[in-house]
Every structure is written in C-alpha cells, then in structure tokens.
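Below is one structure, written out as structure tokens; comments come after it.
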Amino acid sequence: MKKYTLLVLVGFLLFSCTPKEEVDLLVYNAKIYTVDENFSKATTFAVKDGEFIAVSENSLEDYSAKEILDANGKTIVPGLIDAHCHFYGLGLTQQIVNLRGTTSYDEILQKVAEFQKEKPSNFIQGRGWDQNDWEVKEFPTKDKLDALFPNIPVALERVDGHAYLVNQKALDLAGITNDTKVVGGEIVKAADGNLTGVLVDNPMGLIDAVIPKPSKATQIQALKDAETLCFDYGLTTVNDAGLNKATIELIDSLQQTGELDIRVYAMISNTQENLEYYLPKGIVKTEKLNVRSVKVYGDGALGSRGAALRAPYSDKEGHFGAMVTPVGDIEALAKRIAVSEYQMNTHAIGDSANIVVLRAYKNALEGKEDRRWKVEHAQVISEQDFDYFENGIIPSVQPTHATSDMYWAEDRLGEERVKGAYAFKKLLDKAGMVALGTDFPVEKVSPFLTFYAAVARQDLQSYPEGGFQMKDALSREETLKGMTIWAAYSNFEEDEKGSIEVGKKADFVILSDDIMEVPVTTIPKLKAEQVFVGGKKVK
C-alpha cells in the first residue's frame, strides 16, 4: 500500500512539474463571441506568434504568458472587417475641407473660406456636401463660388464621390465648356444652357486630371491618419474599393517596415495599366496585404441621380441615370477577369446596372467554381433578379446607406420600386451571406453605426418609428457575421481571420459593452476599448 501511495505521489509531482507552454498573450475573464461555425462563446484564449493557439470556456492552466490580460468580463469579438470602404480616400479627406454635415450652400462657402485662410492652397479641394440635407434639395450652382474665388480653382466633391461642384477657374483649367461631351455621366447645365459647375460621374475625370497630385509625404500621412481612425473603431481589416498600383505598393512598403499595421484587401482600380500589371502577375499576398480583385464602376449614385434605372426617376421625368462603364465593356471585362485568378467586384446601384452586372457575371463564370465575385452595393434590385445571387455571387452592402437614403429614396424610386432597395435580408436569404461595410468616407467610419443600421433600420433619433422596411433587417448574429467571418470569406480569407479560432490571426476587439445584448439604441454609442492585430495592441 505504501509503495502504491509513493507511486501516485511521484506521478502527481511529475505531472505538476510538467513545464507549461509559454505564449505571448493570455486573455481571460472575457465574454468572447468566437463567431465560429456554432457561434459559440468562450472566456479565455492564448496567443502565440500572432495567432490564437487555444480558445476555451475554461481557464487555460497549461500556459504561461509573457503578458496576461484580465478582460474584466468585457465582450470580445473578432477584429472587425469593413468589406467596402475607401481607406486611402478617407486619409486624403483629412487633408482637405471637410463638408460633411453641412446644411446649406452658404455654410459650405463659409467652411471653404475658413479652411483656405488657415491652410492656403493654389487648388482648393473639399468633400462631403449633400444637397439632400439642405432646405432646398437642388444641386448648387457655381456663381457664389466664382465670386468668392475668382482666381483659385475649387473642386468640392459630393459626399458619395459621384459629383463635383467646381468654379469657373477649375472649368477653364480642365478645358470644360458648353460644348464638352463626355459619355457616362452629366455636365449639368442651367435652364439657359450655361454650366452650373456640377459634374456627375465620368466628367469628373476632366477635373481629376488637373488637380495637383499629393506629395509622397501627404500620401503617407493620409494612410496613417486613416489607420488611426479605423483602429479607433475596432476595424482591423479594410477592403479598399479601388486603388492604383503606386498606392498599393506604398501601403505594402509601410506594412513591411512596421509603419502601417492595418490589414488591407486591395481592389485594383479598373484601369488598363493596373489590369496589364496585375492580371498576368496573379495574386499578391503578404501577411497584411491581399491583392486579388478588380473594382469596376457600373453606374453612379442614387443621391446624384446617376444610378442607372430601368424606368425613369420618379422625381425627374425622362431621366434614367447612366452606366459609367458601358455594358459591352463590362461584359468583355468580366470574361477577361474570369480567365485570371482575380475576383471582379462591381459597383451597381440602380436596377438596370445590377442586372447588367449579374448577367455579365453569370455568362463569364459559366463552368467556373468558387470565384466569389461581388456586387458592391446591390442597392436597387428588380424582384426577378434576386435569384442571380443563388449562384455564388456575394452581395457586398452598406447598411448605413439605407438609413442615409431613406428620407428621399422613395422620391427617387417610387412606392413600388423602393421595395426592392436596401434588401439586405432578402439578399442574405438568396446568397447565404452578406459582406457588410460602410463605404466611408461616403458614410461615417464607425462599424457600430453599420451594426445599428442593419438591425434597427433607423437613424440616431429612432426615425422612422418601427424601422425602415424592416422585412430586410438583419439579426444581430447575422450582422456580426457580415462584419467578420462572411466578410473574410468574401476575401478568400476565412481560414485566417473572421473568427476567434485556433490557427487564425489574433485580430480581436474588446468592446465597452455587449453588442449582442445591449438595448438597440445603445449600439451606436459602443466603443472599441482595445484593439489587437496579430496579437499586437494597436489601440
């Protein structure tokens, strides 16, 4: 008996002295939504070499850690992914006049004048105006801008990025006259035939050609400013919807030197230079950069009446909007991309643009498996066209567009057509998933506003009572998946991020409260208290 007791004691001592595996970070006492296949919860996880190596509902006693973090019962979710935004564009807007939230043309002029006084420029730029927020909801004209700045060119971009208001000096510099013709958009004229200074979609390119290019220092600052804003809200991956080769290479270089920590899924802009370089080269993948898709513009925006509709706008007789990229070009481009490794992600707002894109996808992808092509926005869909999303096409949608547009969307579309707009739940039912984003800087950066808009379908004043077209609201679980694992899947990255599971990158966010249980009106007020990318604290 004594011999047996001695053996047990020795065994116990050997077991208790077994060295513990050392990890970089151990997080415990947390309420963790793993967003795994079962949407299970956990309380503890361990991180080593930038990855989760253990996730448990119990304490992890087999590990010793260089750093131990008591979450104090806080909620932790996977690093949030913005499936459609303009990351670099957000950074650039921090360097120019911010016109978001302006409620009149006079307020815009005041802001521009103040900015020019503080930061004098030989070409004034601004972004964020929206005539739908004004008392008179009509496009402005350049007259007051001409009077204020007769000798300095000015280009003020609409909030959606699909229209400019420019002064005469900018028109002259770009060579735009009453006789200028551009396909795919509109050079808006007054009743007397004179230019108003408003350019919608493709004509904006004439102005872009004469705007001074930002210096490399400005570009770097823009990227760093955008990263700071994104980390503040818990975004760890951003899908930038349209970048050129030089900007992608700058992002890569900053990531490689440790000056930029955010992960970027880069969609290359649809230019001949980008296509000729990237399609033959194939996928470019590093630890923090993924280049494997092409961003194409189908049509314009609904707010500027540039979205391509099958029937005329309800509030503008005989006006259908326009395709930014001609139908034949979209079809040819789809076939070209289909024989490469690249994904095609196409902006489509109006019902006419959506069916053009969906048909082009179906034809180009015949016989091809798991291509995960996306329709960016998928905003207005005809009833008979939803079935196209059953064939592996992913809708990439932005819930705050619904709550921004709901005040005037029916004016544009009419009572019947608006029923097929912002149909997130129906798209989810057809496609099996939705990838969720913001489209910032068109909308605000906060993913908590995305979450709130998806679930409540109301503005911050709880309007409208009962929510906007609530048949297409998403559940909280569906919304969190759309901002994590489904967004990752849409990027071909579901095996490396989007959930808190062993073997995946340790991207996670500690929230100020439980996003799955707080009253819905509290969701917009949530904070990302701590943010980690690859186990490294970045906020």
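Tabulated data for the structure shown
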{"read-out": "Matching helices (runs of 4 or more DSSP H) fully within the range 307-418 where at least 2 residues are over 19 Å from the mean Cα position of the chain (by Cα)", "value": "327-338, 351-364, 409-413"}
{"read-out": "Meets criteria (at pLDDT 95 or above and either more than 13 Å from Ser293 (Cα to Cα) or not charged (D, E, K, R) (or both)) for Lys368", "value": "yes"}
{"read-out": "The range 43-75, subset in contact with a Lys or Arg (Cβ under 7 Å, 6 or more places away or on another chain) and open to solvent by less than 30 Å² (accessible area, probe 1.4 Å), residue nearest to Leu480 (Cα to Cα)", "value": "Thr75"}
{"read-out": "Candidates Glu465, Glu496, Glu415, filtered to the one that is without any contact (Cβ under 8 Å) to a residue 24 or more places away in the chain, under 30 Å from Val533 (Cα atoms) and not basic (Lys, Arg)", "value": "Glu496"}
{"read-out": "Selection count, the range 250-266, where residues are surrounded by 14 or more Cβ atoms within 10 Å (Cβ to Cβ) and under 21 Å from Lys213 (Cα atoms)", "value": "5"}
{"read-out": "Matching entry among Val291, Val200, Val238 (being in contact (Cβ under 8 Å) with a residue 60 or more places away in the chain, among the aliphatic types (A, V, I, L, M), touching a strand residue (DSSP E or B) at 6+ places or on another chain (Cβ under 9 Å) and under 25 Å from Val445 (Cβ atoms))", "value": "Val238"}
{"read-out": "Scan of the range 162-183 for residues that are more than 13 Å from Asp146 (Cβ to Cβ) and buried (at least 20 other Cβ atoms within 10 Å of the Cβ), ordered by number", "value": "His162, Ala163, Tyr164, Ala174, Ile176"}
{"read-out": "Residue tally, condition assigned to a loop (DSSP other than H, G, I, E, B), within 20 Å of Phe231 (Cα to Cα) and without any contact (Cβ under 8 Å) to a residue 60 or more places away in the chain, over the range 250-285", "value": "4"}
{"read-out": "Residue count, the range 439-489 (criterion: among the acidic types (Asp, Glu), assigned to a helix (DSSP H, G or I), open to solvent by 10 Å² or more (accessible area, probe 1.4 Å) and within 26 Å of Thr346 (Cβ to Cβ))", "value": "1"}
{"read-out": "Qualifying positions in the range 43-70 - assigned to a loop (DSSP other than H, G, I, E, B) and not charged (D, E, K, R)", "value": "Thr43, Gly50, Asn58, Ser59, Leu60"}
{"read-out": "Filter result (in contact with a Ser or Thr (Cβ under 8 Å, 6 or more places away or on another chain), open to solvent by 10 Å² or more (accessible area, probe 1.4 Å) and not in a strand (DSSP E or B)) within the range 31-42", "value": "Asp36, Ser40"}
{"read-out": "Residue selected from the range 203-228 under the condition in contact (Cβ under 8 Å) with a residue 12 or more places away in the chain and basic (Lys, Arg), by the criterion least open to solvent (accessible area, probe 1.4 Å)", "value": "Lys224"}
{"read-out": "Residue, most open to solvent (accessible area, probe 1.4 Å), within the range 490-513, restricted to residues that are within 18 Å of Asp49 (Cβ to Cβ) and among the hydrophobic types (A, V, I, L, M, F, W, C)", "value": "Val502"}
{"read-out": "Selected residue (criterion: most open to solvent (accessible area, probe 1.4 Å)) from residues of the range 269-320 that are closer than 20 Å to Gly184 by Cα and among the hydroxyl-bearing types (Ser, Thr, Tyr)", "value": "Tyr297"}
{"read-out": "Residue match in the range 67-80 (condition: touching a helix residue (DSSP H, G or I) at 6+ places or on another chain (Cβ under 9 Å) and free of Cβ contacts under 8 Å to residues at least 40 places away in the same chain)", "value": "no"}
{"read-out": "Matching residues in the range 419-438 - criterion: being outside any loop (DSSP other than H, G, I, E, B) and either over 20 Å from Ile523 (Cβ atoms) or among the aliphatic types (A, V, I, L, M) (or both)", "value": "Lys419, Gly420, Ala421, Lys426, Leu427, Leu428, Asp429, Lys430, Ala431, Ala435, Leu436"}
{"read-out": "Tabulated pairs, the range 514-539, first farther than 21 Å from Lys48 by Cβ, second basic (Lys, Arg) and not in a loop (DSSP other than H, G, I, E, B), C-beta under 8 angstrom, 6+ apart or interchain", "value": "Asp514/Lys31; Ile515/Arg476; Met516/Arg476"}
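Rundown of residues vs (1) under 23 Å from Glu376 (Cα atoms); (2) of a type outside the set (A, V, I, L, M), yes/no style:
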position	(1), (2)
Ile211	no, no
Pro214	no, yes
Thr218	no, yes
Ala222	no, no
Tyr233	yes, yes
Val238	yes, no
Gly242	yes, yes
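The values are calculated or read from the model by the stated rules, or taken from the named source; none is laboratory data. From a predicted model like this one, the values you see are computed outputs, not experimental measurements. No Cβ is skipped: glycine too gets one built from the backbone with ideal geometry, and neighbour counts run over all protein chains shown. These area figures cover heavy atoms from the full protein model, side chains too; ligands, DNA and RNA do not enter into them. Shrake-Rupley method; radii C 1.70, N 1.55, O 1.52, S 1.80 Å.
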